[in-house]
Amino acid sequence: MEQQPAISDYGFLSDSRSGALVGKDGSIDWWCPPRFDGASVFGRLLDPRGGHFRLAPVGVGGQGYRVERSYRPDTLVLRTVHHTPHGSVAVTDALAAEFGARAHELGIRSPAVLIRVVEGLSGRVRMALDFAPRPEYGLLTPYLHEQPDGGIVAAAGPVTLLLRCAELPLRAGRDRVTHEFEVSAGQVIGMDVAYGTTYGAPPARLDPVAALADTALAWEAYREPHQYPGRYPELVRPSATVLTGLTYARSGAITAALTTSLPEQIGGDRNYDYRFAWLRDFSMTMRALWVAACPHEASRLFAWVSRSIGRIGDEPVPVLFGLEGERDLTEHDCEQLSGYAGSRPVRLGNDAWKQRQLDVPGEVMSAVWRLRDYLGGTFDGELREMVLGLTEQVASTWHLPDRGMWEARDGDKHYLSSKVLCWLTMDRAVRLADRLGERAEPDRWARIRDEIRGEVLRQGWNERLGAFTGAFGSVELDASALFLPVVHFLPADDPRMRSTIEVVERELGTDDGLVRRWSTDPAGFVLCSFWLVECLAMAGERSRAEALFERVVGQANDVGLFSEQIDLSTGAQLGNTPQALSHIGLINAAWRLTEPYSF
């Protein structure tokens, strides 16, 4: 089997409609052009036969060859410089913005066009192009047709792709386009792949060199007014750009990751589809957007959530939705794909939408509290109904077991983090009661809030371990206990919390600063490491927090991207990538180091 690139080898492109992954070897191995959770046309990431678009010097990886990569600042325009024994060449990749789009127009009408521009820097370099689309997650092999203008159409099923390069005489093969050409210093060659639907609008046409320049301007114009005033701006601003790149601009929803089924452990089966928007991440996401991105983004995300939830009844509020608010995300296996490094199954959809997760209302209520001054003195009808509905649902269900924030698939338990978020729901409801009209019952809500708090302190604390554990009555440590100070359930310098921080750091942490979620977790979970940074900062241990933060950020790849987890023995990135929660954790930890008690 062909050896697949490391997860950390990939750079991220986005048009805030969808995203693509391009490897150091010049191969675009993931692109789902309809939208983030659409079907792939390039899927080599999950199977060598899944389709790709490779553009790189002949002999990549040979003696005397090296690669340097960087993003144009404040953009997701990626420049890869290939140094060969014969000279150097740059390939700049981007997903095109609508021409002329500026500020919050970015991503609203993205044309679904992939741009690749080759620039000779020195010497004379022989390049190889290999365009092998395989739509519908590799199920389809398209027919290729040469066009009078030199373009090549690849058509199969619902998909039409148009490959164009005015400077090269491309020819259609049976199932792919291959071509070799030489690039001299100063020479520029632009090409693009445009997506269209077979029975809808045709692929867009553009000048790839001009579109690349305009796309960079669109990103820069978006980020320019959004200044971050805190520490580590050289890390926070790129992470904020990643969050914008993971935002589905048409609705404001943020997809948890670009990919599906990248494994938590090579050869394992914990491979899930993360191309949806999680309410469980909501308050953390809102904090990060508020600090480092744009309050407008936070407000749009909140509007998406309130509309997606709809009128609240007896059924649990789902933990995740589709990017336009779809609720049914039923999971199935994609049998034709062998999985990253043979890690099966490959899953499409995510059955966590069916789970009871009692922490979800608390995430939403935390966001309502954060935005309260922007939402008005008296909440409007839909917002009021949502807040009342969430509050009453928690009031009647908080005592039930659930699946917890890690979405366990082995049965329900009384998870500590879920109970704490139930407490948060009731606490925020009490504080917001004067905005909720005559149906507010702050006295009753306060009694329930205090009852939940008492149960957490009594049943969540394990005296023998000297720590809060993952579930009531459990002896198993869980890094989710680090969330308690972050949501202000207990101060970080409370003796029980200080002890918990020390125990988690000792038992679940590593010398590299990574923190596992639980003792048998095969890898460090990036978000948990940043939670530990926040806890240490809030406990007054600033120098330890800073040292830990700087070790953790050193686990990013060469262009600053994080996946979900880090292998403890090899340092390899694991899990879906780029992972929004990892970058959210970085932003929030950096701000905590700036203002320890500000949120």
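The values are calculated or read from the model by the stated rules, or taken from the named source; none is laboratory data. Note that the structure is predicted; figures quoted are calculated from it, not measured. So basically every Cβ, Gly included, is an ideal-geometry build from the backbone, and we count neighbours across all protein chains shown. Remember, those area values only see protein heavy atoms, side chains included, never the ligands or the DNA or RNA. Shrake-Rupley method; radii C 1.70, N 1.55, O 1.52, S 1.80 Å.
What to note about this one:
- Restricting the stretch 263-316 to residues that are aromatic (Phe, Trp, Tyr) and assigned to a helix (DSSP H, G or I), the residue that is nearest to TRP531 (Cα to Cα) is PHE282.
- Among the residues of the stretch 36-55, none qualifies, meaning not one is farther than 25 Å from LEU139 by Cα, without any contact (Cβ under 8 Å) to a residue 60 or more places away in the chain and either of a type in the set (Val, Ile, Thr) or in contact with a strand residue (DSSP E or B) (Cβ under 7 Å, 6 or more places away or on another chain) (or both).
- Looking across the stretch 339-384 at every residue that is surrounded by fewer than 19 Cβ atoms within 10 Å (Cβ to Cβ) and acidic (Asp, Glu), the one that is nearest to GLU315 (Cα to Cα) is identified as ASP351.
The rows are residues; the columns are (1) modelled with pLDDT under 95; (2) part of a helix (DSSP H, G or I); (3) small (Gly, Ala, Ser); (4) within 29 Å of SER299 (Cα to Cα).
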position	(1), (2), (3), (4)
LEU383	yes, yes, no, yes
LEU400	no, no, no, no
ALA408	yes, no, yes, no
VAL420	no, yes, no, yes
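- Residue within the stretch 311-334 that is over 26 Å from ASP29 (Cα atoms), in contact (Cβ under 8 Å) with a residue 24 or more places away in the chain, open to solvent by 60 Å² or more (accessible area, probe 1.4 Å) and of a type in the set (Val, Ile, Thr) present: no
- From the list GLY524, GLY513, GLY509, the one residue that fits, being open to solvent by less than 10 Å² (accessible area, probe 1.4 Å), under 18 Å from GLY571 (Cβ atoms) and more than 21 Å from the chain's Cα centre (by Cα), is GLY513.
- First in the stretch 267-280 and under 11 Å from ARG347 (Cα atoms), second anywhere and of a type in the set (Lys, Arg) and open to solvent by 30 Å² or more (accessible area, probe 1.4 Å), Cβ under 8 Å, 6 or more apart: ASP269/ARG344; ASN271/ARG344; ASN271/ARG347; TYR272/ARG347; ASP273/ARG347
Residues are listed down the side, and each one gets a yes or a no for (1) part of a helix (DSSP H, G or I); (2) closer than 23 Å to LEU279 by Cα:
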{"residue": "LEU536", "(1), (2)": "yes, no"}
{"residue": "VAL552", "(1), (2)": "yes, no"}
{"residue": "PHE562", "(1), (2)": "no, yes"}
{"residue": "SER569", "(1), (2)": "no, no"}
{"residue": "HIS583", "(1), (2)": "yes, yes"}
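- Qualifying residue in the stretch 550-567 (condition: open to solvent by less than 10 Å² (accessible area, probe 1.4 Å), over 17 Å from the mean Cα position of the chain (by Cα) and free of Cβ contacts under 8 Å to residues at least 60 places away in the same chain): yes
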